[in-house]
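Notes for the one structure printed next.
The values are calculated or read from the model by the stated rules, or taken from the named source; none is laboratory data. The shown structure was predicted, so the numbers you read here are calculated from the model rather than taken from an experiment. Cβ placement follows ideal geometry from the backbone for every residue including glycine, while neighbour counts extend to all protein chains displayed. Heads up: the accessible areas ignore ligands, DNA and RNA and are worked out on the full protein's heavy atoms, side chains in. Shrake-Rupley method; radii C 1.70, N 1.55, O 1.52, S 1.80 Å.
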Amino acid sequence: MRALEPWVEAPLQTFLAESSARLTLLMTSSGQVVAQHGFSRSLDVMTAAALGAGIGASTEELARLMGSSRFEALVHHGARQSCLLAGFGTPRGRWIGLVVFGPETSVGIVQLFFDQMVQQLASAARRDEPAAVRLPENFEHELDASLKALFGR
Amino acid sequence: MTAAQAVLDRVTRVPGVRGALIASAEDGLVVAEQLMDGVDGRAAAALAGSLVGRLARTADGAGRRAPAFVQLRAERGSILVAPCPKDLVLIAVVAADANVGLARLEMLDAASRLH
Amino acid sequence: MSLVNFTAREITCKIVYYGPGRSGKTTNLQYVYGRVPESRRGRMVSLATQTDRTLFFDFLPLELGSISGFATKFQLYTVPGQSYYNATRKLVLQGADGVVFVADSQARRFDDNLESLQNLQDNLLAQGVDIRQLPVVFQYNKQDLPRDLILTHEEMDDALNFRAVHSFAGDALHGTGVFETLRGISELVLKRLAAGAVAG
């Protein structure tokens, strides 16, 4: 399990233990990864986040077009594994959760503990004020050299 | 009144029963419910569905048939679960002083009618 | 918005390739995908129609490498160029850290370029983003076509590049200007991140 900020870890850990989910990905509504469990390659996580955010955004637009409020969750039932995609508000903006689970658990259990995680995240975020982003002083200085090395020109 | 509502009506008439619901066992989702205030039907459906699934797998692993009735006794009451045909489960949330014997009879009878 | 993960020492930035239909946005990503070592890139996802026109977006995750000990990752997106896909363009544009505007250098596409640039400004503004505050570079694609069919780099600059931001001549199909453009936008995005975030 990897989380962008430490306060996300405990609620996510509880969710994973209770729900028996195979893969879990929390992302911002623009598709940036906040936390993940179960992915072995970071580049695959980014792809899943981009697709998850795309689905989330398009279903929200669809709901808006049909004059309803947001859809709370979207569930894809598969033969071997299923997937839950749900958006939720946090004090740090709107996030989306993508959960992949198998027959060892159920959509009811996943949804139940997902909602519990959302509540725990909300209270954990309030306790943990966001720190200002601070990069090393030499970051900009090293940037030119790094870009030259990375792009080889 | 639908068949599901009729079943729930019979179960909730038993003294001490605080609510009854029918859920899909595999999904753990509520199909129909009749609950008193303060009873979380969604949680009961999800957890009871999961419990029955696990018990069935355990029984199967031990070479036994799936349980026909489950009573989960807690400090302030019990959760009763009767697996039904069509992958449904009938769940009752009962108080500590409830007539569990009568509730069990009603649930087993009602469960057999749910098809 | 760029995400900086201090625990894992990672920076992730979102770059969107914008521009009119058939200007070469997807081709840019395909070229990058084909040339970057597999260890540095993820799968390229294309949500396209049956005729290979971008329907929702193309997506390519890249690992640029380490800068000051921070693993730097880029998410490259394209938007569908055709005018009737504006709703999906808006969605993809959300949270972009930088935009590459891929213009079609053909003289007959002059109005399409202008319309798409105006549409970019409108869509950013609707999200509360002033295009003047966002890192943007231009790529004038298809500069390999015969001279009488296209506008020159200078003519394209005159027509589109009012703020005199970095612009690159491109032939995305054969790779000319593709990495130069990516480097240009990467530099702007990371410098902006550094300027706003370096410990003072």
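Yes/no per residue for (1) within 11 Å of chain A (Cβ to nearest Cβ); (2) among the β-branched types (Val, Ile, Thr):
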{"residue": "B:22", "(1), (2)": "no, yes"}
{"residue": "B:36", "(1), (2)": "no, no"}
{"residue": "B:49", "(1), (2)": "yes, no"}
{"residue": "B:61", "(1), (2)": "no, no"}
{"residue": "B:77", "(1), (2)": "no, no"}
Name the residues in the range C:54-111 that are more than 9 Å from chain A (Cβ to nearest Cβ), in a helix (DSSP H, G or I) and not hydrophobic (A, V, I, L, M, F, W, C), would you?
C:83, C:84, C:85, C:86, C:89, C:108, C:109, C:111
Residue identified as more than 7 Å from chain A (Cβ to nearest Cβ), over 22 Å from residue C:171 (Cβ atoms) and surrounded by fewer than 21 Cβ atoms within 10 Å (Cβ to Cβ) among C:30, C:50
C:50
Examine the range C:23-30 for a residue that is among the aliphatic types (A, V, I, L, M), in a strand (DSSP E or B), under 22 Å from residue C:92 (Cα atoms) and modelled with pLDDT of 90 or more, and state whether such a residue exists.
no
Restricting the first residue to the range C:36-53 and requiring it to be more than 10 Å from residue A:47 (Cβ to Cβ), which pairs with a second residue that is open to solvent by 60 Å² or more (accessible area, probe 1.4 Å) and part of a strand (DSSP E or B) meet a Cβ separation below 7 Å and a spacing of at least six or different chains?
C:47/C:55; C:48/C:55; C:49/C:55
Exactly one condition in (1) surrounded by fewer than 23 Cβ atoms within 10 Å (Cβ to Cβ); (2) in contact (Cβ under 8 Å) with a residue 60 or more places away in the chain; (3) touching a strand residue (DSSP E or B) at 6+ places or on another chain (Cβ under 8 Å) is false for residue C:113; which is it?
(1)
When the range A:4-18 is examined, which residues are found to be of a type in the set (Ser, Thr, Tyr) and surrounded by 24 or more Cβ atoms within 10 Å (Cβ to Cβ)?
none
For residue A:103, all conditions in the list (1) part of a helix (DSSP H, G or I); (2) within 24 Å of residue B:53 (Cα to Cα) hold save one; what is the number of the exception?
(1)
Out of (1) more than 20 Å from residue B:45 (Cα to Cα); (2) at pLDDT 90 or above, what's the single condition that is false for residue A:66?
(2)
All but one of (1) open to solvent by 20 Å² or more (accessible area, probe 1.4 Å); (2) farther than 19 Å from residue C:13 by Cα hold for residue A:33; state the number of the condition that does not hold.
(2)
Quick check: anything in the range B:91-111 within 19 Å of residue A:105 (Cα to Cα), over 12 Å from the mean Cα position of the chain (by Cα) and outside any strand (DSSP E or B)?
no
Please determine, by comparing only the residues of the range A:36-47 that are within 7 Å of chain C (Cβ to nearest Cβ) and among the hydrophobic types (A, V, I, L, M, F, W, C), which one is surrounded by the fewest Cβ atoms within 10 Å (Cβ to Cβ).
A:43
Would a scan of the range A:62-82 turn up a residue that is more than 11 Å from every other protein chain (Cβ to nearest Cβ) and open to solvent by less than 20 Å² (accessible area, probe 1.4 Å)?
yes
Going by the structure shown, is residue C:76 aliphatic (A, V, I, L, M) and at pLDDT 90 or above?
yes
Which members of the range C:148-182 meet the condition of being open to solvent by less than 50 Å² (accessible area, probe 1.4 Å) and either part of a helix (DSSP H, G or I) or within 14 Å of chain A (Cβ to nearest Cβ) (or both)?
C:153, C:156, C:157, C:159, C:160, C:168, C:175, C:177, C:178, C:179, C:181, C:182
State whether one or more residues within the range B:17-28 are of a type in the set (Gly, Ala, Ser), modelled with pLDDT under 95, surrounded by fewer than 17 Cβ atoms within 10 Å (Cβ to Cβ) and not in a strand (DSSP E or B).
no
Name the residue, out of A:27, A:1, that is open to solvent by 20 Å² or more (accessible area, probe 1.4 Å) and either on the phi < 0 side of the Ramachandran plot or within 14 Å of chain C (Cβ to nearest Cβ) (or both).
A:1
Any idea which of B:97, B:40 is away from every other protein chain (no Cβ under 12 Å), open to solvent by 80 Å² or more (accessible area, probe 1.4 Å) and acidic (Asp, Glu)?
B:97
Taking the residues in the range A:50-92 that are touching a residue at least 40 places away in the same chain (Cβ under 8 Å) and in a helix (DSSP H, G or I) as candidates, determine which candidate is farthest from residue C:41 (Cα to Cα).
A:56
